[in-house]
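Quick one: this structure, given as structure tokens, is what I'll be asking you about.
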Amino acid sequence: MQEMLNLSQNFWTNKYETNKIGWDLGEVSPPLKNYFDQLQNKELKILIPGGGNSYEAEYLFNKGFHNVYVVDIAKQPLNNIKLRVPDFPDSQLIHANFFDVDNQFDLIIEQTFFCAINPKLRAAYAAKAFELLNTNGKVVGLLFNEPLNTDKPPFGGCKEEYINHFKPYFNITIIEESYNSIQPRVGRELFFRLDKC
């Protein structure tokens, strides 16, 4: 395994400044859009960690979910959200490390963040998500279902690995191949829902 890059604020800021954001779909991910369209409680307090340009947050906010929070270690994507959605509250665009967030949420949305952190932090991610969720809280999102890189993001994985990280904290309600991924990710993504134990 090659030496791991330093995945610091500077690393991610540089990605945005040089427009090397290949993970960015430019729109809400279809599996998540489908999930959002089924949500009825618009009072849900939702966190999108490592949200980047977060078209998911934009979509939710425009549907009337006004308790959406985005946290990112880089400032530029948060500014980008504000440019697209001027009414998005500044206090809900959090420039911080996910692991430093101190709040409570009903729902955490996972979209290309888990694959971007150092894989050594995956167990800590599961523990932090558990800590941040209210009783009956959920984590819902997408995970890559292939090996990918070992020295830089995105880092892949498999269903069995993910289950091992999450099962100490969550009931795994669903984790299966996504049927409605964008074309380049067909057969490469797992859609999952975790319910806090």
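The values are calculated or read from the model by the stated rules, or taken from the named source; none is laboratory data. Just so we're clear, the structure is a prediction, and the values are computed from it rather than from any experiment. FYI the Cβ positions are ideal-geometry reconstructions off the backbone, even for glycines, and counts take in every protein chain you see.
Given (1) modelled with pLDDT under 85; (2) surrounded by 13 or more Cβ atoms within 10 Å (Cβ to Cβ); (3) among the polar types (S, T, N, Q), where does ASN19 come up short, assuming only one miss?
The number of the failed condition is (2).
Next question, about the same structure. Being closer than 16 Å to LEU190 by Cβ, buried (at least 18 other Cβ atoms within 10 Å of the Cβ) and not acidic (Asp, Glu) narrows it down to one residue among GLY141, GLY156; which is it?
That would be GLY141, the only listed residue that is closer than 16 Å to LEU190 by Cβ, buried (at least 18 other Cβ atoms within 10 Å of the Cβ) and not acidic (Asp, Glu).
Restricting the search to region 62-88, which residues are touching a Leu at 6+ places or on another chain (Cβ under 7 Å) and part of a helix (DSSP H, G or I)?
LEU78, ILE81, LYS82
Oh, and also: What do you reckon, is PHE99 in contact with a helix residue (DSSP H, G or I) (Cβ under 7 Å, 6 or more places away or on another chain), surrounded by fewer than 18 Cβ atoms within 10 Å (Cβ to Cβ), closer than 16 Å to TYR69 by Cα and in contact (Cβ under 8 Å) with a residue 12 or more places away in the chain? Don't jump to the end; show me each part of the working.
Values: in contact with a helix residue (DSSP H, G or I) (Cβ under 7 Å, 6 or more places away or on another chain): yes; surrounded by fewer than 18 Cβ atoms within 10 Å (Cβ to Cβ): yes; closer than 16 Å to TYR69 by Cα: yes; in contact (Cβ under 8 Å) with a residue 12 or more places away in the chain: yes.
Yes, satisfied.
Something else now. Do you know which residues across region 89-121 are more than 14 Å from ILE46 (Cα to Cα), part of a loop (DSSP other than H, G, I, E, B) and not hydroxyl-bearing (Ser, Thr, Tyr)? Quick ask: steps written out before the conclusion?
Going residue by residue through region 89-121, those that are more than 14 Å from ILE46 (Cα to Cα) are 90, 95-97, 99-100, 112-121.
With part of a loop (DSSP other than H, G, I, E, B) added as a condition, the list becomes 96-97, 112-118.
Residues satisfying the conditions are ALA96, ASN97, PHE113, PHE114, CYS115, ALA116, ILE117, ASN118.
Just to be sure before I move on: is ILE108 of a type in the set (Val, Ile, Thr), surrounded by fewer than 14 Cβ atoms within 10 Å (Cβ to Cβ) and touching a Lys or Arg at 6+ places or on another chain (Cβ under 8 Å) in the structure I sent? Give the steps one after another, and end with the answer.
Numbers: of a type in the set (Val, Ile, Thr): yes; surrounded by fewer than 14 Cβ atoms within 10 Å (Cβ to Cβ): no; touching a Lys or Arg at 6+ places or on another chain (Cβ under 8 Å): yes.
Answer is no for this residue.
For GLY51, only one of the following conditions fails: (1) among the small types (Gly, Ala, Ser); (2) out of contact with any strand residue (DSSP E or B) (no Cβ under 6 Å at 6 or more places or on another chain); (3) at pLDDT below 95. What is its number?
(2)
Going residue by residue through region 53-61, is there one that turns out to be crowded, with 19+ Cβ neighbours inside 10 Å and outside any helix (DSSP H, G or I)?
Among the residues of region 53-61, at least one is crowded, with 19+ Cβ neighbours inside 10 Å and outside any helix (DSSP H, G or I), which makes the answer yes.
Let me ask something additional. For region 120-166, name all the residues that are closer than 14 Å to ASP106 by Cα, among the basic types (Lys, Arg) and touching a residue at least 40 places away in the same chain (Cβ under 8 Å).
Result: LYS138, single match.
Identify the residue in region 1-40 that is in contact (Cβ under 8 Å) with a residue 60 or more places away in the chain and more than 18 Å from the chain's Cα centre (by Cα) and, among all such residues, is nearest to PRO77 (Cα to Cα).
Per the stated criteria, the residue is LEU5.
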